[in-house]
Amino acid sequence: MLLSTAWPQFEADKRLLGYSPYTLKAYRLQSRLLTEYLEDPEIEEVTTAQLKGYLAAQTHLKPASLDHRIRFIKSLFKWAQDENIVNGNPAAKIRRPKMPQRLPKALAEEDVEMLREACQGAFEHSLAELIYTTGCRIGEIYQLNRGDLNFNNRSVVVHGKGSKDREVYFHYRAGIWLKKYLESRRDDEIALFVTRRNFGNESRPRRMSIAQLRYVIKGIAERAEVNTNVYPHKFRHSYATHLLNNGAPMEVVSSLLGHAKIETTRIYAHLSGERRREMYQKYF
């Protein structure tokens, strides 16, 4: 079986396992790059030396990007071995690079208030409040529909990584702005956040893309003039950090974030200098 022929079968199996479209899109690119570099050999003839040569040639890549390529290669050949397409796994002994530990950067609570002040209109307020007070990923916000919102207990069920659903909660301020935003809508589009595009003489709503949502957040940040880089995922970092700094149990924050392992949440457990001083004065 040619390496290029293996891809459609691999993709189909991973889609059945619930891999996200974004992961599969990235893997499709990795498959094409590997196939082109090795000149589309028979997959059972690929050697460990060839794979190492391919990876060694990626001198322009940062450790995170190189790690992504290795994860794809390992996944592909593990699948091929499990499917009895290859007898051995040439990627089994390839090691992933040691990743530098990077602490996620959170917004100061003062910056959050400045961003709130910079919002214009119910839509921007709704988007910013929902991202910050739920801790959702931008992809999870993108998928939300109007009917997903439960205003009685200010909750919403989001579809997270690995097709795992979880219930998250939003602040009363988010609820107020969301109601105002939805009341201003004059369309029957099910998507929560929509944009309008002109089709001839007709203006029809469409679900806002992730890129468009990011653009809105960038615009709010520019008006707020905060002295830090602001992007949607930074709201998630801020949500987790502020919860932990205010005394929320680690396992609760982990559940709200949708982390499969609590160890993933521990990277947020760095307390601000002010909070550490408070704890020192309280307990020493």
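The values are calculated or read from the model by the stated rules, or taken from the named source; none is laboratory data. Quick caveat, the model's predicted, so the values are computed rather than measured. Note that we place each Cβ from the backbone using ideal geometry, even for glycine, and neighbour counts take in every protein chain shown.
Restricting to segment 1-24, name every residue that is assigned to a helix (DSSP H, G or I) and either more than 18 Å from Ile70 (Cβ to Cβ) or touching a Pro at 6+ places or on another chain (Cβ under 8 Å) (or both).
Correct list: Leu3, Ser4, Thr5, Pro8, Gln9, Glu11, Ala12, Asp13, Arg15, Leu16, Pro21, Tyr22.
Identify, please: which residue in segment 59-101 is hydroxyl-bearing (Ser, Thr, Tyr) and under 23 Å from the mean Cα position of the chain (by Cα) and is, among those, farthest from Leu33 (Cα to Cα)?
Once the filter is applied, the top-ranked residue is Ser75.
Go over the candidates Leu66, Leu61, Leu51 one by one and state the one that is over 18 Å from Pro90 (Cβ atoms) and not acidic (Asp, Glu).
Leu61
One line per residue, one yes/no per condition, for (1) touching a helix residue (DSSP H, G or I) at 6+ places or on another chain (Cβ under 9 Å); (2) in the same structural domain as Ala128 (by TED's automatic domain parsing); (3) modelled with pLDDT of 90 or more:
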position	(1), (2), (3)
Gly175	yes, yes, yes
Lys180	yes, yes, yes
Arg197	no, yes, no
Arg207	yes, yes, yes
Leu213	yes, yes, yes
Ile217	yes, yes, yes
Ile220	yes, yes, yes
Thr228	yes, yes, no
Ala240	yes, yes, no
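Out of all the residues in segment 38-49, which are part of a helix (DSSP H, G or I) and surrounded by 15 or more Cβ atoms within 10 Å (Cβ to Cβ)?
Leu38, Ile43, Thr48
Take Glu36 and decide whether it is touching a strand residue (DSSP E or B) at 6+ places or on another chain (Cβ under 8 Å) and either free of Cβ contacts under 8 Å to residues at least 60 places away in the same chain or within 18 Å of Pro90 (Cα to Cα) (or both).
no
Confirm whether Ser184 is surrounded by fewer than 16 Cβ atoms within 10 Å (Cβ to Cβ), farther than 26 Å from Leu107 by Cβ, among the small types (Gly, Ala, Ser) and modelled with pLDDT under 85.
Against the criterion (surrounded by fewer than 16 Cβ atoms within 10 Å (Cβ to Cβ), farther than 26 Å from Leu107 by Cβ, among the small types (Gly, Ala, Ser) and modelled with pLDDT under 85), Ser184 does not qualify.
To keep it simple, each residue is scored yes or no on (1) surrounded by fewer than 17 Cβ atoms within 10 Å (Cβ to Cβ); (2) among the charged types (D, E, K, R); (3) in contact with a Ser or Thr (Cβ under 9 Å, 6 or more places away or on another chain).
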{"position": "Glu36", "(1), (2), (3)": "yes, yes, no"}
{"position": "Ala56", "(1), (2), (3)": "yes, no, no"}
{"position": "Lys62", "(1), (2), (3)": "yes, yes, no"}
{"position": "Ile73", "(1), (2), (3)": "no, no, no"}
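Looking at segment 246-284, which of its residues are modelled with pLDDT of 80 or more, surrounded by 11 or more Cβ atoms within 10 Å (Cβ to Cβ), of a type outside the set (A, V, I, L, M) and not in a helix (DSSP H, G or I)?
Passing the criteria: Gly258, His259.
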